[in-house]
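Below you'll find the structure, written out as structure tokens, and then a few comments.
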Amino acid sequence: QAPLSEILGEFERIQREQREANACTERRLWWEKRCQLDQRMERLIQSLDRDVLGCWRGLLLPRDPQNCPLDQQELSQLILELRECGWDSP
């Protein structure tokens, strides 16, 4: 698992490289850099979701006071992941 400090460090590097890429005047090179940074950001978000938030990511889902915030399949998956993290009962 990637520690949070490693993820935050990568986020800072991506931001720094984005500022550098913005100074690029050659269109093709700018797009290449932009695509690479987008891919790194996607991997970073996936790592944050998987390695830092884990089963607790469900707590960040928006809640509608009129409805359950999760459908039955999402709720079953969340309970399964919570149990894998050591949570005993709903």
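Of all the accessible heavy-atom surface of the stretch 16-66, with the other protein chains kept in place and a 1.4 Å probe, what percent is carbon and sulfur?
Details: 2300 of 4250 Å².
It is 54 percent, rounded to a whole number.
Working from label points 7 Å from Cα in the Cα-to-Cβ sense, the Q15 to M41 distance is 1.3 nm. Stokes-Einstein at 37 °C, 0.692 mPa s, Kirkwood radius from Cα pairs: D for the chain in µm² s⁻¹? After rounding, the answer is 207 µm²/s. Only helical runs count toward this figure. For the chain, summing -39,500 (n - 2.57) over DSSP H runs of n ≥ 4 and dividing by all residues gives -20000 deg cm²/dmol at 222 nm.
The values are calculated or read from the model by the stated rules, or taken from the named source; none is laboratory data. Note that the coordinates shown come from a computational prediction; the quantities given were computed from them, not determined experimentally. Every residue, glycine as well, gets a Cβ built from its backbone with ideal geometry; the counts of neighbours run over all protein chains shown. Quick note on the areas: whole protein, heavy atoms, side chains included, nothing else; ligands and nucleic acids left out. Shrake-Rupley method; radii C 1.70, N 1.55, O 1.52, S 1.80 Å.
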